[in-house]
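Worksheet for the structure shown next.
Nothing in this text is a laboratory measurement; each read-out follows from the coordinates by a stated rule. Since the model is a prediction, treat every value here as computed from it, not as a measurement. Note that each Cβ is placed from the backbone with ideal geometry, even for glycine, and that neighbours are counted across all protein chains shown.
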Amino acid sequence: MQELYVGSRTAKGEEGTVHRFDYCVVVGEMAVAGGFACESYGVKVQEQGGDTAVIPDLTVSAQRIDELMELLMDHQVGPAGLRDVVEDWL
């Protein structure tokens, strides 16, 4: 699996703590019918000095993963909320 760094965002928590999140697209291979494989895309969100969440193989569309990454970064989604946001996005 390969990671492509997209960017980072800083968010202030309810208690006033500053959090910095790094966002990456993860690139892998997804098996498809007939024994073939195609490039797949997922996401990784890492809080600097904290937790990391990775969800691979979400889509085979570069456009769709770009849209998801934009959503995650615009809303400063951290590792704890990543799965919920992705489930709603799907």
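Between ALA33, ALA11, ALA53, the Gaussian network model of the chain with springs among Cα atoms under 10 angstrom shows the greatest mean-square fluctuation at ALA33.
Counting only GluC sites (Glu not before Pro) that DSSP places in a loop and that have at most 16 other Cβ atoms within 10 Å, the longest clean stretch of the chain runs over 16-90. Entry note: the stretch 2-89 has Rg to Rh equal to 1.03, where both radii use alpha-carbon atoms and Rh is the Kirkwood radius.
Among ALA80, ALA37, ALA62, the largest mean-square fluctuation in a Gaussian network model of the chain (Cα springs under 10 Å) belongs to ALA37. When only Cα pairs below 8 angstrom with a gap of at least 6 residues are kept, the stretch 2-89 shows a relative contact order of 24 percent. Relative contact order of the stretch 1-50, taken over Cα pairs closer than 8 Å and 6 or more residues apart, is 34 percent.
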